[in-house]
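Report on the structure given below.
The values are calculated or read from the model by the stated rules, or taken from the named source; none is laboratory data. Values in this document were obtained by computation on a predicted structure and should not be read as measured data. Every residue, glycine as well, gets a Cβ built from its backbone with ideal geometry; the counts of neighbours run over all protein chains shown. Heads up: the accessible areas ignore ligands, DNA and RNA and are worked out on the full protein's heavy atoms, side chains in. Shrake-Rupley method; radii C 1.70, N 1.55, O 1.52, S 1.80 Å.
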Amino acid sequence: MNTIIKLFEMNATTFETLGLGTLLPTSCTVSEELNGIYELELEHHYDASGKWQNIENNRILYASTPRGMQPFRIYKIEPTMDSITVYAQHVYFDLLDNYIDNITTDTATPAETLQALVNQMDYDMGFSFATNLGGTGSVSLERVNPITVLFGEEDGGSFLDSFGGELVRDGWNISILANAGEDRGFVISYGKNLVGLEVEEDISDVKTRIYGLGDDDVTTSGCIDSDHIGDYPYPKIYCYEDTDCTTASELETAIEALYEAGIDLPSINISVDFQLLSNTVEYEKYAILEEVFLGDTVTVRNEKMNFEKKAEVIAYEWDCLLEQYNSIELGDFVDDITTAITKGEMVTTSAEKAVTTATIVSSKISGKVTITTDSIYVTDNSNYANATKGFKIDVTDGIQRMENGVWTTVIDVE
């Protein structure tokens, strides 16, 4: 039996009743991207009972999603000779209509920053905000809407720039979490592209033979080859430069860290079309993907190339009537220390430098490693607050080094 779609007046905030009534759509889908769009598209014929006449802009559709029923506000209606097509956004996007003249926080926690956002909104919209992120950071923006405060613009200064995080939208309850999903232990093993399972492997940036160049013309004694060098028709040669490396040994350690981070493996994007996949004999092998959610992490295994990588569910399309996925998309996702700083926004050269710096400095300091919610400290004192020498990776301050008790920035958060 198809799930019902209910229609409510524009000011509705609870949805236990039938509201303005149920609809009889011929199709209804929801599309969502991680930290991005969250839209509903519905097609409704001109039914004899006149249900279609109640569909108006600003009214709310209450429909099924992978995480349960959710409210979507209608913003566009397109009629044709046979039916109307209705477009709606999750009510989270109501925040685009509010206004913040100025918000400035300094060394505030994520929770304090979200409360400042609520306090500075021009009018209350009934939204609540929650986060499990830690640390402190600064937000500084003016003459913007609340969503820009959360997810920013080109000039930076937003919540995302300071703390990172992934968005979970549940009615008027908005959460920004370290991870929107979880790793449920699912594994996708593949060796070729299939009908309904489109696997895109990009080897453009793969490196399998690396020469190192450090400070004062220090070099590696020769090239360092990847274990995957034989997976390609010829070596993919790269000269890695880092002036923080003062010995050949440090360069070699840094290059091995690059291989460990997957520089010798292709980037992966997987699109799963469940309707097409259901027609293949391999369907049962991939049916587990019907049980994942946005933000979940899946292990991707290529048996031919003998490697495994982690991929995150970054988008989906959901059939609200049948309550099943039409498609999902898994994007390449490397879970390492640079991800905690930038959530994938750091450019490749900076990411390489971060891996190298972390490897080298931690090997130089004989002391205490401390991991907090937003930082990794390697210091010469068991209490990092009393240290005189050390190294820190921080979601706000980036990569920092301490000499004589003074922190200096090695790499800014970009």
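Rounded, prolate or oblate, given the Cα gyration tensor of the range 160-248, with a/c below 1.5 counting as rounded? Provide the component values of the computation, followed by the final result.
On the way: a/c = 3.64, a/b = 1.49, b/c = 2.45.
Taking the square roots of the gyration eigenvalues as a ≥ b ≥ c, the range 160-248 is oblate.
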Quick one: which residues, 5 or more positions from residue 324 or on another chain, have an amide H under 5 Å from its amide H? H modelled 1.01 Å from N in the peptide plane, none for Pro or chain starts. 319
Would you work out if the chain is rounded, prolate or oblate? Take a ≥ b ≥ c from the square roots of the eigenvalues of the alpha-carbon gyration tensor; rounded if a/c is under 1.5, else prolate when a/b is larger than b/c, oblate otherwise. oblate
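On full extension of the chain, what length is gained from residue 27 through residue 14, given 0.36 nm per residue of separation minus the C-alpha to C-alpha distance? Working shown, then result.
Working: separation 13, 0.36 × 13 = 4.68 nm, distance 2.42 nm.
Roughly 2.3 nm would be gained on extension.
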How about the range 62-134: which trypsin sites (Lys or Arg not before Pro) there are in a DSSP loop, with at most 14 other Cβ atoms within 10 Å of their Cβ? 67
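With every protein chain left in place, what is the accessible area per residue of the chain in square angstrom, probe 1.4 Å?
On the way: 20120 Å² over 414 residues.
Result: 49 Å² per residue.
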Residue 124-residue 227 pseudo-label distance in nm [points 7 Å out on the Cα-to-Cβ vector]: 5.8
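Quick one: of 207/392; 309/392; 285/309, which pairs are farther than 20 Å apart, Cα to Cα?
Numbers: 207/392 28 Å; 309/392 27 Å; 285/309 18 Å.
Result: 207/392; 309/392 exceed 20 Å.
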Taking all protein chains as present, what is the carbon and sulfur share of the accessible area of the range 41-99, in % to the nearest whole number, probe 1.4 Å? 46
Ignoring ligands and nucleic acids, what accessible area does residue 409 show with a 1.4 Å probe (Å², nearest 10)? 70
Applying a 4.7 angstrom Cβ cut-off across the chain, unpaired cysteine residues come out as 223, 239, 245
Rolling a 1.4 angstrom probe over the protein chains, ignoring ligands and nucleic acids, what is the accessible area of residue 45 in square angstrom, nearest 10? 70
Which trypsin sites (Lys or Arg not before Pro) in the range 277-324 sit in a loop by DSSP (not H, G, I, E or B) and have at most 13 other Cβ atoms within 10 Å of their own Cβ? 304
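May I ask what percent, to the nearest 5, of DSSP beta bridges between residues of the chain are antiparallel?
So the antiparallel bridges amount to about 85 percent of the total.
Rounded, prolate or oblate: which fits the range 102-246 when a ≥ b ≥ c are the square roots of the eigenvalues of the alpha-carbon gyration tensor, with rounded for a/c under 1.5 and prolate only if a/b beats b/c?
On the way: a/c = 3.29, a/b = 1.70, b/c = 1.94.
Oblate, because a/c is 1.5 or more while a/b does not exceed b/c.
Which GluC sites (Glu not before Pro) in the range 129-216 sit in a loop by DSSP (not H, G, I, E or B) and have at most 13 other Cβ atoms within 10 Å of their own Cβ?
Working: sites: 142, 153, 154, 166, 182, 198, 200, 201; in loops: 153, 154, 182.
Here the GluC sites (Glu not before Pro) that fit, given the DSSP loop and packing criteria, are 153, 154, 182.
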Measure nothing but the geometry: give the 0 to 90° angle between the long axis through the Cα atoms of 348-364 and the longest principal axis through the Cα atoms of the chain, rounded to 10°. 50
For the chain, calculate the relative contact order in percent as a whole number, restricting contacts to Cα pairs under 8 Å that are 6 or more residues apart. 13
Helix 248-260 sits off the longest principal axis of the Cα atoms of the chain, rounded to the nearest 10 on a 0 to 90 degree scale, by 20
Subtracting the Cα-Cα distance from 0.36 nm times the residue separation, let me have the gained length for residue 78 to residue 189 in nm, one decimal. 35.7 nm
Please work out the Cα center distance from the range 290-309 to the range 134-163, rounded to the nearest Å. 32
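How much of the accessible area of the range 280-328, in percent, comes from carbon and sulfur atoms when a 1.4 Å probe is used? Don't jump to the answer; show the numbers that get you there.
Working: 1040 of 2270 Å².
Heavy-atom surface of the range 280-328 belonging to carbon and sulfur, 1.4 Å probe: 46 percent.
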Roughly how many Å is it from the Cα centre of the range 193-260 to that of the range 271-285, as a whole number? 36
Relative to the present Cα-Cα distance, how much length would full extension add between residue 201 and residue 101 at 0.36 nm per residue of separation? 31.5 nm
Heavy-atom accessible surface of the range 102-186: percent carbon and sulfur, 1.4 Å: 40
